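K.L.:
Below you'll find the structure I mean.
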Amino acid sequence: MAKAVKSAPAPRGRTAAPAAAAPPRRVAEIRRNTKETRISARVDLDGTGRYDVRTGIGFLDHMIEQLSRHSLIDIALRAEGDLHIDYHHTTEDTGIALGQAVSRALGERVGIVRYGDALIPMDETLTRVALDASNRPYLIWRVNFTRPKLGEMDTELFKEWFKAFSQEAGLTLHVETVYGENNHHIVESCYKGLARALKGAIAIDPRKADAVPSTKGVLGGTLKA
Ligand SMILES: [Mn+2]
């Protein structure tokens, strides 16, 4: 049997090498007030999946908590919306605010992996998500529900949330339920798929940490692929 190799003791005192500076955390906060909603959204892209979410819509809170937990993005979100009318404005505007916070935290998007994908099973449901975080907003949404509501929330509003989020975060985002029956599983697998795909796409590639992942040298909506 090979002998375990003992590592050398760490250097002490004056001979110790200075600790490498930790890279700056990618954080941003957005405040967005309109006649319809008042929202604050804070994200830490380099978090651990801690969340504090209160939108006034229980089911939407549950979904955004999944997004945080499975992307490891810390999310603090507060929304006060005109829920006495319906849930449309609050749903859409939380997507806008969170998307803007993610985009601002990404900055010039230097060093990111850029692409991400996920295949998420939830019992009988299978959903796949692919995204490109290159600041070219586009949504493909191939998700069908068989019930008009989940809790008090209209299922048609989830497309509005994903549209707003992909637009403001600067994502080409494709979401497709391959098959599924339970409407709660269908939408939850979409949020988990977004989370996992985003986690991969916004990760810093250690081999290209100082480079923009495009042969154009810039990631921006003003340039065409
Ligand atoms: Mn659930």
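Where a number appears in this text, it was derived from the coordinates with a stated rule and is not lab data. In this text, all values refer to a predicted model and were calculated from it rather than measured experimentally. Here the Cβ positions follow ideal geometry from the backbone for every residue, glycine too, while neighbour counts run over all protein chains shown.
K.L.:
Excluding residue 24 itself, what net charge comes from residues whose Cβ is under 12 Å from its Cβ, given Lys and Arg +1 and Asp and Glu -1? Working shown, then result.
P.N.:
On the way: positive: 25, 26; negative: 44, 46.
With Lys, Arg at +1 and Asp, Glu at -1, the neighbours total 0.
K.L.:
Nearest 500 deg cm²/dmol is fine: what mean residue ellipticity at 222 nm does the chain get from its DSSP H runs of n ≥ 4 alone, each adding -39,500 (n - 2.57), divided by its residue count?
P.N.:
Using -39500 (n - 2.57) per qualifying helix, the result is -10000 deg cm²/dmol.
K.L.:
Let me ask something additional. Order of 102, 27, 43 from fewest to most other C-beta atoms within 10 Å?
P.N.:
Neighbour counts put them in this order, fewest first: 27, 102, 43.
K.L.:
Kindly point out which whole DSSP H helices in the chain project their C-alpha atoms 30 angstrom or further along the helix axis while averaging a Kyte-Doolittle hydropathy of 0.5 or above.
P.N.:
For the chain, where a helix must reach 30 Å along its axis and average at least 0.5, there are no hits.
K.L.:
So how strong a dipole does the chain carry about its Cα centre when Lys and Arg Cβ are +1 and Asp and Glu Cβ are -1, to the nearest 20 debye? Let's see the in-between values first.
P.N.:
Details: 32 positive and 28 negative charges, 302 e Å.
Dipole about the Cα centre, nearest 20: 1460 debye.
K.L.:
Please build a GNM for the chain, connecting alpha carbons under 10 Å apart, and tell me which residue among 146, 172, 37 fluctuates the most.
P.N.:
146
K.L.:
Taking the Cβ of residue 125 as the centre, find all other residues whose Cβ is under 10 Å away and add up their charges (Lys, Arg: +1; Asp, Glu: -1).
P.N.:
Net local charge, residue 125 excluded: -4.
K.L.:
Let me ask another. Below 8 Å, C-alpha to C-alpha, sequence gap of six or more: please give me the relative contact order for the range 82-178 in percent.
P.N.:
41
K.L.:
If you don't mind, there's one more thing I want to ask. May I ask you to order 191-204, 122-135, 103-116 by the average number of other C-beta atoms within 10 Å around their residues, highest value first?
P.N.:
191-204, 122-135, 103-116
K.L.:
Can you pull the one-decimal nm distance between simple spin-label points at residue 181 and residue 216, each 7 Å off the Cα toward Cβ?
P.N.:
That separation, rounded to one decimal, is 4.6 nm.
K.L.:
Ok, one more. Please give me the summed charge of the neighbours of residue 157: other residues whose Cβ is under 9 Å from its Cβ, Lys and Arg +1, Asp and Glu -1.
P.N.:
Around residue 157, the surrounding residues sum to -4.
K.L.:
Restricting to Cα pairs below 8 Å that are 6+ residues apart, what does the relative contact order work out to for the range 27-202? Please round to a whole percent.
P.N.:
27
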